[in-house]
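Notes follow the structure.
The values are calculated or read from the model by the stated rules, or taken from the named source; none is laboratory data. Keep in mind it's a predicted model, so treat the numbers as computed, not measured. Here Cβ is always computed from backbone atoms with ideal geometry, including for glycine, and neighbour counts include all displayed protein chains. Note: accessible area is taken over every heavy atom of the protein model, side chains too, but ligands, DNA and RNA are not part of it. Shrake-Rupley method; radii C 1.70, N 1.55, O 1.52, S 1.80 Å.
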Amino acid sequence: MPKFCANLTMLFNEVDFLSKFEKAKQAGFTGVEYLFPYAYDKNQLADLLKENQLTQVLHNLPAGDWASGDRGIAIFPQRVNEFQEGVEKAIEYATALNCKQVNVLSGIAKESSQQAVHHETLVNNLKYAAKKLKEVGIKLLIEPINTFDMPGFFVNHTNQALELIKEVGSDNLFVQYDVYHMQRMEGELTQTIKNNLAQIAHIQIADNPGRHEPGTGEINYPFLFKSLDEMGYSGWVGAEYNPANTTEEGLGWFKATR
């Protein structure tokens, strides 16, 4: 079975964030991911990882003002300096947490007339970030997100992410493949992963509809997990879903893989 990590932004919301590390360990996870570490002291987070024998698998680059609606800033030419400062902050935290990959959220494009500018800015920012992160041994990932949940998100198909990787021309840029998002946008999950396995560094899971636990919707997760093993996927699989009830009540899918 694949290696599973708990997304602490989504799971264990019965307790405060800093208590989630212990909850993840108690549930049997050996790795964690979450959206952002930046509201917390990096040394405190590193201590929690060590105390609970957890691997920090992934976090995102700073993505602007989340509370005000930002979902990434990488496409905006007026925010390039902010993006570059965010790369430095991400390196600082990822290094302290021994996190070997970070994800970039491209952002929401509100002006259709600016598509070409957004694209050029994103490519240049990805070139910058991929180079800086490679220097310290950290992979850069880019994630397509569905436009039903996040209207206007700039990167929303697997092929778009792959074309960006080709255009950037770096060997340090990979796809973060979110099964839930790609089921909503394109389907053909298993074959897409198999066809692009070398460029997929991280996978995230949730079922559809509802973005709840695997096994609550239309996606055949036992088949998908078996297929990941057969195709030799060696990365982590992040449990990034909204529990239908409590987190513990919905972990039957995870227990079945152990």
At a 1.4 Å probe radius, which order do Arg258, Arg184 fall into by accessible area, largest first?
Arg258, Arg184
Which net charge results when you count Lys and Arg as +1 and Asp and Glu as -1 among the other residues whose beta-carbon is under 9 Å from that of His181?
-2
As a quick test, which of the pairs Lys131/Lys166; Lys89/Lys110; Lys166/Lys226; Lys3/Lys166 have an alpha carbon distance above 25 angstrom in this structure?
Lys89/Lys110; Lys166/Lys226; Lys3/Lys166
Rounded to two decimals, what is the ratio between the C-alpha radius of gyration of the chain and 2.2 N^0.38 Å?
0.96
Using only the Cα atoms of the range 150-258, what do you get for the radius of gyration and for Dmax, in Å?
14.4, 44
Kindly report the accessible area of the chain per residue (heavy atoms of protein chains, probe 1.4 Å, no ligands, DNA or RNA), in Å².
44
Under the rule of -39500 (n - 2.57) per DSSP H run of 4 or more residues, summed and divided by the residues of the chain, what mean residue ellipticity at 222 nm is obtained, to the nearest 500 deg cm²/dmol?
-11500 deg cm²/dmol
Counting only the heavy atoms of the protein chains, how much of Glu163 is accessible to a 1.4 Å probe, in Å² to the nearest 10?
100
Cα-Cα P(r), the range 42-84, percent of pairs per 10 Å interval:
24, 33, 28, 14, 1
Ignoring ligands, DNA and RNA, please state the percent of accessible area on the range 84-227 from carbon and sulfur, probe 1.4 Å.
49
Which three lengths, in whole Å and largest first, does the range 63-161 cover when its Cα atoms are put on their principal axes?
38, 29, 25
Taking a cut-off of 18 Å between Cα atoms, list the aspartates and glutamates near Lys42, but don't count ones fewer than 8 places away on the same chain.
Asp16, Glu22, Glu33, Glu51, Glu85, Glu88, Glu92
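Check each of the GluC sites (Glu not before Pro) in the range 164-203 and keep only those in coil by DSSP with at most 15 other C-beta atoms within 10 angstrom; list them in order. Write down the numbers at each step before the final one.
Working: sites: Glu167, Glu186, Glu188; in loops: Glu186, Glu188.
Those satisfying the criteria are Glu186, Glu188.
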With only alpha-carbon atoms in the gyration tensor, what are the semi-axes of the equivalent ellipsoid for the range 174-215, in Å, largest first?
19, 11, 8
Taking every C-alpha to C-alpha distance in the range 66-108 and binning by 10 Å from 0, the per-bin percentages run 27, 50, 23, 0
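Please state, to two decimals, what the Cα-based radius of gyration of the range 19-121 comes to when divided by 2.2 N^0.38 Å (N = residues).
Dividing the Cα radius of gyration by 2.2 N^0.38 Å gives 1.24.
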Out of residues 5 or more away from Thr55 or on other chains, whose amide H comes under 5 Å of its own, with H placed 1.01 Å from N in the peptide plane?
Gly31, Val32
Under a 5 Å amide H to amide H cut-off, with H placed in plane at 1.01 Å, what residues pair with Ser106 once short-range neighbours are removed?
Glu143, Val155
What does the charge count around Gly252 come to, taking other residues whose C-beta lies under 14 Å from its C-beta (Lys +1, Arg +1, Asp -1, Glu -1)?
-2
